[in-house]
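J.: Next up is a structure, given as structure tokens.
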Amino acid sequence: MKSRQWIAAAGVAAFAAALCAPALADEAGEKMLKDKGCTACHANDKKLVGPAYKEVAKKYKGDAGAAAKLAEKVIKGGQGVWGPVPMPPNKVSDDESKKMVATILAM
């Protein structure tokens, strides 16, 4: 009987961990966006200097190449898609850029 209780408890714990993992990943991604200075020009749901993250996610929803394209733009900078104000290049690694873009596109 104790074996069944142990298996049931392990199953519940695994299920809870699976539910929490995306939230923890989003928190880490949002922390990275803040730590790398992105929030000086961007916010989750309102335009500052650059577009709101949610507007970026909406624009690129369903675009299979968006993550790679945006990750490169984060590193190299860009201009013209969201207006005349350029986004400068950012000193982030390829991996950091991909994680930040994944966080934005998940909004």
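The values are calculated or read from the model by the stated rules, or taken from the named source; none is laboratory data. Keep in mind that what you see is a predicted model, and the values were worked out from it rather than measured. Positions of Cβ are backbone-derived with ideal geometry, glycine not excepted, and every protein chain shown enters the neighbour counts.
J.: Hey, among the residues in region 38-79 that are among the polar types (S, T, N, Q) and assigned to a loop (DSSP other than H, G, I, E, B), which one's farthest from A102 (Cα to Cα)? Give the derivation first.
T.: Residues of region 38-79 that are among the polar types (S, T, N, Q), as a first pass: 39, 44, 79.
With the extra rule that they be assigned to a loop (DSSP other than H, G, I, E, B), the set shrinks to 44, 79.
On the way: N44: 14, Q79: 21 Å.
Restricting to residues being among the polar types (S, T, N, Q) and assigned to a loop (DSSP other than H, G, I, E, B), the top hit is Q79.
Table: residues versus (1) over 11 Å from the mean Cα position of the chain (by Cα); (2) charged (D, E, K, R); (3) surrounded by 14 or more Cβ atoms within 10 Å (Cβ to Cβ).
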residue: D26; (1), (2), (3): no, yes, yes
residue: D35; (1), (2), (3): yes, yes, no
residue: G50; (1), (2), (3): yes, no, yes
residue: Y60; (1), (2), (3): yes, no, yes
residue: K76; (1), (2), (3): yes, yes, no
residue: V85; (1), (2), (3): yes, no, no
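J.: Hey, another quick one. If I go through region 43-54 residue by residue, how many of them are in contact (Cβ under 8 Å) with a residue 12 or more places away in the chain and within 10 Å of I104 (Cα to Cα)?
T.: The qualifying residues number 3.
J.: Does P84 satisfy being part of a loop (DSSP other than H, G, I, E, B) and at pLDDT 95 or above? Before you say what the answer is, go through the steps one by one.
T.: On the way: part of a loop (DSSP other than H, G, I, E, B): yes; at pLDDT 95 or above: no.
No.
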